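**Q** Mind looking over this structure? Questions follow.
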Amino acid sequence: MSIWVKRADRRAAVSVSKIEAIDRRAIETVGIPGPVLMENAGRGVAEVAARVCGLRRGDRVLILCGKGNNGGDGFAAARYLKSWGARVGVWMLAGRGILSPWARLHYDISRRAGVRLRLLGPGALNRLRQELVRADLVVDALLGTGLSQPPREPYGSVIREVNRSGSQVLAVDVPSGLDADRGIPLGEAVRAKVTATCGLPKKGFFLKSARPFVGRVWVVDIGLPEYNVSSLSHA
């Protein structure tokens, strides 16, 4: 297994507020640029897709990207998977103009690298439904750990279609719609086979209520300084 990813250990699990504090310290105090952490996340997610989900050259990968940094991780992962020989398509639920700044940067990089990117516009849900069913792997990069209310439309409808598709699903950081602290869905939530969570596992993942949503949990090393992690009191 690559050094980029490892099996989740519940002893290392932290709250959402704790991982957010670690991220801020890495960026503001240590000086690691946020887009670099996002790049590392994308590489790690791609590693999980290949080594845990069994993705092979020529397989169809459908990546769903929201407007925030979770979507940015998805754009970065798309570029790696395409370079490794997968047939990658990205559906965006937000246009470039309203992407978060880091997500927009990785969107632009992926576009210039030749990744096929499409916006989910009115009337496109049926086309998306067809592609979900045909995909060898669906990557959920819609919503992150900051979600505090049920997913709004069109996110809710897309999550329902993902769950109905029967395709293998890999969630980025957290299955979209799941409360990462309490391990419960906030309305519609993705039921993933595998979750590639960034930096450290989230404490809600190990609760019985979360099992149908997170599947097998793997941790992606995004380059957080070791002292930030080893000095934590578990939250």
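No lab work stands behind these numbers, since they all come straight from the coordinates. Everything numeric here is computed off the predicted structure, so don't read it as measured data. Note that each Cβ is placed from the backbone with ideal geometry, even for glycine, and that neighbours are counted across all protein chains shown.
**Q** Suppose we filter G71, G58 for residues that are small (G, A, S) and outside any helix (DSSP H, G or I); which single one remains?
**A** Being small (G, A, S) and outside any helix (DSSP H, G or I) holds for just one of G71, G58, which is G58.
**Q** Follow-up. Quick check on my filter: what residues within region 1-21 are of a type in the set (V, I, T) and touching a strand residue (DSSP E or B) at 6+ places or on another chain (Cβ under 8 Å)?
**A** Within region 1-21, V5, V14, V16, I19 qualify.
**Q** If I filter region 87-128 down to residues being free of Cβ contacts under 8 Å to residues at least 40 places away in the same chain and closer than 11 Å to L62 by Cβ, which single residue comes out as nearest to the chain's Cα centre (by Cα)?
**A** Once the filter is applied, the top-ranked residue is V90.
**Q** Turning to a different aspect of this structure: From the list S110, S176, S157, which one is part of a loop (DSSP other than H, G, I, E, B) and either touching a strand residue (DSSP E or B) at 6+ places or on another chain (Cβ under 8 Å) or on the phi < 0 side of the Ramachandran plot (or both)?
**A** Only one candidate passes the filter, namely S176.
**Q** So, one more: Take the residues of region 57-80 that are in contact (Cβ under 8 Å) with a residue 40 or more places away in the chain and more than 12 Å from the chain's Cα centre (by Cα): which is surrounded by the fewest Cβ atoms within 10 Å (Cβ to Cβ)?
**A** So, considering only residues that are in contact (Cβ under 8 Å) with a residue 40 or more places away in the chain and more than 12 Å from the chain's Cα centre (by Cα), the one surrounded by the fewest Cβ atoms within 10 Å (Cβ to Cβ) is R60.
**Q** Do we find that E161 is of a type in the set (D, E, K, R) and touching a Leu at 6+ places or on another chain (Cβ under 7 Å) in this structure?
**A** When the stated conditions are applied, E161 passes them.
**Q** R129 versus (1) more than 21 Å from V88 (Cβ to Cβ); (2) assigned to a helix (DSSP H, G or I): which is the lone unmet condition?
**A** (1)
**Q** Just give me the residues in region 87-106 being basic (K, R) and surrounded by 15 or more Cβ atoms within 10 Å (Cβ to Cβ), in sequence order.
**A** Correct list: R87, R104.
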